[in-house]
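Structure record follows, encoded as structure tokens.
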Amino acid sequence: MIDVEDLIALVRNYNPRTNDALIRRAYAYGRQMHEGQFRHSGEPYFTHPVAVAAILTEQRLDDATIVTALLHDTIEDTKSTYTEVARLFGEEIAELVDGVTKLTNLELTSTQSKQAENFRKLFMAMSKDLRVILVKLADRLHNMRTIKSMKPEKQAQKARETMDIFAPLAGRMGMQWMREELEDLGFRVLNPEARNSIIRRFITLQRETGDVVHKISADILLETERAGIEADVYGRAKKPYSVWRKMQEKDLAFSRLSDIYGFRVICGSEADCYRILGVIHQRWRAVPGRFKDYISQPKSNGYRSIHTTVSGRDGKRVEVQIRTRQMHEVAEAGVAAHWSYREGVRVQNPFAVDPAKWISGLTERLDEDDHDEFMENVKLEMYTDQVFCFTPKGDVIQLPRGATPLDYAYAIHTRIGNSCVSAKIDGIRVPLWTRLKNGQSVEIITAEGQRPQASWIDIVTTGRAKAAIRRSLREEDRGRFVKLGQELARAAFDHVGRKATDKALRTAAKMLGLSDETELLAQLGSAELTARRVVETLYPELARSTAPEVDAQRPVVGLPADQSFRRAQCCQPVPGERIVGITYRGQGVVIHAIDCRALEEFEEQPARWVDLHWHAGRHAAKHTITLDLTISNDAGVLGRICTLIGEQKANISDLRFTDRKPDYYRLLADVDLRDVEHLHMVMTALEAETDVAQIARHRDMTRKP
Ligand code: MN
């Protein structure tokens, strides 16, 4: 393990004014916190944070970053807390450590590669300070360098994650060396056969052609010296992973690959870059279409260089990059160049990209006004129109800015949204209209039977949530309408003596061109369709007879049209009751109820009996029945009785008292009714009245039929 004095020496190399007391304290604190913890390799755990700090010294980073590296696992893995780190090392470092902890949690909880892009965005969105990502990348790099001590399946998972998330992230940070090393380490785990075969090919090639890299480097150097330009030349074979990727992309065998070697010429000035380009093009043949001038047109991440590809003596192509030392530094360190120190001061590299500019280069959608603010805060609010939240399992949910827990719930599943009752953000209960922020962990609390509220429409911002809520509200209305429709259908069918069975309703629905019986009931309930129309559709013959009321003059079936008839006064039969006719000479036919005692005297005269039945349709309320009522003798009671009967749409045609006592009246009321059903309705209404002591149908056998 690198001891604290060695580490301070590494920092002092590039930053003599380093606060070594601070680094010493952080080193001691970290070691104490991780005391008794060990890595998979068996080494003391603290070797890891120290190694991460050492990696960051290679990038010549500031003290805060080095200290963060030493402490980066304390909040996560030890009893140390944010508050304690803040007290001991200040808010800046506590924030940085906290930022790394958050990214570590994220990495631990999800590895779905389909979310890789989300993750990369999230990493940036969550890191208020890019140094958090620099520490995180160094952390990953060290873990990848020491991955051998992990279990094979864990190795594969970490390697996948490195390829999907960390290597591209390093690339975006402009740190090419970091990207290449991460890729190589990942490749070594994921496809060792391919990597080894490429390395073997390089060795064979070298045996056949000699040390090509050295030869070409020497040639280039010779040419620049002849031209009187001071320059350094670095050559190398391309990394196995990038060779392998090129083979995959172009579907080429190794032997057919060109430019597997790359050369860099590093010089002192921009003018020298162009002079070197001229020298190289004079000496070797330039491959058309491969020349790129990123000096006159730098990449948005600040990358500057001239690229060209030339054919070597054996016809093999080599790529040459030409740049100044300062340009090279930016190309290697990327955004980290901004924090780099040399001889105790922040490096004033004119090409170092301000992190804010670097960010805006990535997003390319920020306008000038926003830009200044970014410069000041060095914050990564790059995806300003989005927020990223976590599920309790650690999956990332991407939502538009302004989204609420309800949007989040619907983003997970419509069922979760529909049954949402409340939400917790970072473990604390919040109102459903709370706006979500980046990096929050959101938990939705659901309840069975909970339905979306109409007010939710105004709370949510996503189209998905809005649509789901509207759909659910419509369904709920529909449920009510269907229920109401059932009632209406039942009443209408009963009225014509039929049953509103599912089958009958289904048939009617089909005939009316509706999708199914539920749709029919919903339309009935919402009054889009009348019950009468349904009955008519199904029973046209009944509909015809029910359509107009039964002719009051001919309420019975079974008599010739010219035959006169009347209802018997003894039994007062009404439609719905079984009846029989008795012929009286000169008086026509008298209609009796089948159970009327007056019929006894005709038992011996079957010729006088006539079979009759009531018309099946709707009768007019014109069949008078006499009711025998006993009511209390209180003011207003009689009036109330009359009102009750009127409310049942029955008419009182006569009223006579048969007995008057101080406590009660007894009276007979002649009421005009439609049918036996109507009679029951009237009697039920009267029975319910407390002032009615007794009620009965009056049958007077003394009265003449
Ligand atoms: Mn770590």
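Coordinate-derived values only; no laboratory data. What you are looking at is a predicted structure, and each value in this text was computed from that prediction instead of being measured. Note: ideal-geometry Cβ built from the backbone for every residue, glycine included; neighbour counts use all protein chains shown.
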Problem - region 552-687: Rg to Rh, with Rh as the Kirkwood radius over Cα pairs - result: 1.04
Fill in the blank from the handout: Taking every other residue with Cβ under 14 Å from the Cβ of residue 588 and scoring Lys and Arg +1, Asp and Glu -1, one gets +4
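Based only on other Cβ atoms within 10 Å, what is the fewest-to-most ordering of 511, 178?
511, 178
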Exercise for the section: Lys and Arg at +1, Asp and Glu at -1: add these up for the other residues within a Cβ distance under 12 Å of residue 526 and post the number. Expected result: +1
Handout entry: residue 307-residue 428 FRET efficiency (beta carbon distance; Förster radius 45 Å; 0.05 resolution)
Key = 0.25
Practice task
Starting from the amide H of residue 655, placed 1.01 Å from N in the peptide plane, find each other amide H under 5 Å away whose residue is 5 or more places distant or on another chain.
Solution key: 670
Exercise for the section: Choose one of 231, 692, 254: the residue whose Cα lies farthest towards the positive end of the charge dipole of the chain (beta-carbon charges +1 Lys, Arg; -1 Asp, Glu; about the Cα centre). Expected result: 254
Exercise for the section: In nm, give the distance between the simple-model label positions of residue 77 and residue 17, each being 7 Å from the Cα along the Cα-to-Cβ direction. Expected result: 3.4
Problem - Length-normalised contact order for the chain - Cα pairs under 8 Å, 6+ apart - percent - result: 7
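Mind putting a number on the dipole of the chain about its Cα centre? Charges go on the C-beta only, +1 for Lys and Arg and -1 for Asp and Glu, and I need it in Debye to the nearest 20.
Dipole of the chain, to the nearest 20 debye: 2040 debye.
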Exercise for the section: Determine ³J(HN,Hα), in whole Hz, for all residues of region 602-617 in sequence, where each value follows from phi through the Karplus function 6.51 cos²θ - 1.76 cosθ + 1.60 and θ = phi - 60°; x replaces Gly and Pro. Expected result: 9, 4, 8, 10, x, 5, 7, 7, 10, 6, 9, 8, 5, 4, 6, x
Fill in the blank from the handout: The size of the Cβ-based charge dipole (Lys, Arg +1; Asp, Glu -1) of region 194-346 about the Cα centre, to the nearest 20 debye, is 620
Handout entry: From phi via Karplus (6.51, -1.76, 1.60), per-residue ³J(HN,Hα) for region 569-585 in Hz, x at Gly/Pro
Key = 7, 5, 10, 6, x, 10, x, x, 9, 6, 10, 8, x, 10, 8, 10, 4
Handout entry: Distance (nanometres) between label positions extended 7 Å along Cα→Cβ at residue 649 and residue 184
Key = 9.5
Problem - Amide H within-cut-off set for residue 287, under 5 Å, with H built and near neighbours excluded - result: 309, 310, 311
Exercise for the section: Could you size up the charge dipole of region 4-190 around its Cα centre, putting +1 on the beta carbon of Lys and Arg and -1 on that of Asp and Glu, and report it in debye to the nearest 20? Expected result: 320
Exercise for the section: Enumerate the amide H contacts of residue 401 below 5 Å, restricted to partners 5 or more residues apart or on another chain; note that Pro and chain-start residues carry no placed amide H. Expected result: 386, 387
Problem - the chain - share of DSSP beta bridges that are antiparallel (%, nearest 5) - result: 85
Practice task
Against the globular-protein guess of 2.2 N^0.38 Å, express the Cα radius of gyration of the chain as a ratio, rounded to two decimals.
Solution key: 1.79
Exercise for the section: State the answer as a single residue: which of 598, 633, 583 lies farthest towards the positive end of the charge dipole of region 583-643, with beta carbon charges of +1 for Lys and Arg and -1 for Asp and Glu, about the Cα centre. Expected result: 633
Completion exercise
Protection proxy (average C-beta count within 10 Å per residue), highest first, orders 566-576, 436-446, 47-57 as 47-57, 566-576, 436-446
Handout entry: residue 634-residue 515 FRET efficiency (beta carbon distance; Förster radius 41 Å; 0.05 resolution)
Key = 0.10
Exercise for the section: Calculate one ³J(HN,Hα) per residue across region 435-445 by plugging θ = phi - 60° into the Karplus curve 6.51 cos²θ - 1.76 cosθ + 1.60, and present them in order as whole Hz with x for glycine and proline. Expected result: 7, 7, 10, 3, x, 6, 9, 10, 10, 9, 9
Practice task
Just grab the label-to-label distance for residue 473 and residue 495, each label 7 Å out from Cα along the Cβ direction, in nm (one decimal).
Solution key: 3.4
Exercise for the section: Grab the Cα-Cα distance for residue 234 and residue 601, subtract it from 0.36 nm times how many residues apart they are, and report the gain in nm with one decimal. Expected result: 118.7 nm
Exercise for the section: Pick out, from 268, 296, 279, the residue whose Cα sits farthest towards the positive end of the charge dipole of region 265-307, with +1 on the Cβ of Lys and Arg and -1 on the Cβ of Asp and Glu. Expected result: 279
